[in-house]
Amino acid sequence: MRKYEKILVVLLLGSLWGALELFGRDFLRAAGFPQKSAILFGLGIIILYASKRLVDFPGSVVVMALIAGLFKTASSNFFICQFAAVMINGIVFDITYMAFRGRLDSSPIYRAIAAPIIVYVSYALFALAAAFVIRESSWVSEGWAGIRAYLLSDAVSASLISIVTINIGYYLGAAVQPYALLRKLGMPAVMFRIVSVVLVAAIWVAGQIY
């Protein structure tokens, strides 16, 4: 896969991650699901790990996080805390993968161990940032008690979900990774570029309309 195709894959997956965060949160809220952030984190990690199996380069997930964050910023439903959460998740995942890539890619046990660590580091950093840096009103009012409750409820749920979904992301990416993506899809490079651009444009237009 050429550099241009890799950029398109990162752009597409970053946009999908942003759409998941934007549309998924409201869908889960409307459906009455508790702990929406835990479910979204678990689903998001599928995209993150699959992306590393497709186009792995240092910082690729951080770039995806920025794209996802910009997607939410461009919509009418932007909240700084949600942008911060996406960026923190991307940075923590990218650093963890770069540090332990060999072990993570070789063992479902390592992935199952890594998932709760990624969750707790991400959740702790986000809670601290929300309470003491961004100073979002609800986090400030609850203080350390709110942070502790968050880590003992949402983070636990996200950990359990992510133990499963991190492996789904690995196997999803591995199903394509041994082959060139374009060859696997049976799609000419030019057609792949056109389809990718159209999909990205459609996602961003949907985010603007939403």
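The values are calculated or read from the model by the stated rules, or taken from the named source; none is laboratory data. Being a predicted model, the structure only gives us computed values, none of them experimental. Quick reminder, even Gly has a Cβ in these numbers, built from the backbone with ideal geometry, and neighbours come from all protein chains shown.
Annotation note: Cβ proximity below 7 Å between a residue of segment 198-209 that is among the β-branched types (Val, Ile, Thr) and a residue that is surrounded by 15 or more Cβ atoms within 10 Å (Cβ to Cβ) (sequence gap 6+ or interchain) occurs for Val200/Leu11; Val200/Leu12; Val200/Ser15; Ile203/Ser15; Ile203/Leu16; Ile203/Ala19. The condition of being surrounded by 14 or more Cβ atoms within 10 Å (Cβ to Cβ), within 26 Å of Tyr171 (Cβ to Cβ) and among the aliphatic types (A, V, I, L, M) holds for only one of Leu151, Leu104, that being Leu104. Of Tyr150, Tyr171, which residue is of a type in the set (Phe, Trp, Tyr) and either within 19 Å of Val92 (Cβ to Cβ) or under 15 Å from the mean Cα position of the chain (by Cα) (or both)? Of Tyr150, Tyr171, the one residue that is of a type in the set (Phe, Trp, Tyr) and either within 19 Å of Val92 (Cβ to Cβ) or under 15 Å from the mean Cα position of the chain (by Cα) (or both) is Tyr150. Within segment 26-50, the set of residues being more than 10 Å from the chain's Cα centre (by Cα) and surrounded by 15 or more Cβ atoms within 10 Å (Cβ to Cβ) comprises Leu28, Gln35, Lys36, Ser37, Ala38, Ile39, Ala50. Sub-8 Å Cβ pairs linking a first residue in segment 88-108 that is at positive phi and small (Gly, Ala, Ser) to a second residue that is at pLDDT 95 or above and surrounded by 17 or more Cβ atoms within 10 Å (Cβ to Cβ), at least 6 apart or interchain, number zero. The set of residues in segment 1-25 that are aromatic (Phe, Trp, Tyr) and surrounded by fewer than 16 Cβ atoms within 10 Å (Cβ to Cβ) contains only Tyr4.
Considering segment 53-87, the residues that are of a type in the set (S, T, N, Q) and either at pLDDT 90 or above or not in a helix (DSSP H, G or I) (or both) include one that is nearest to Ser106 (Cα to Cα), namely Ser60.
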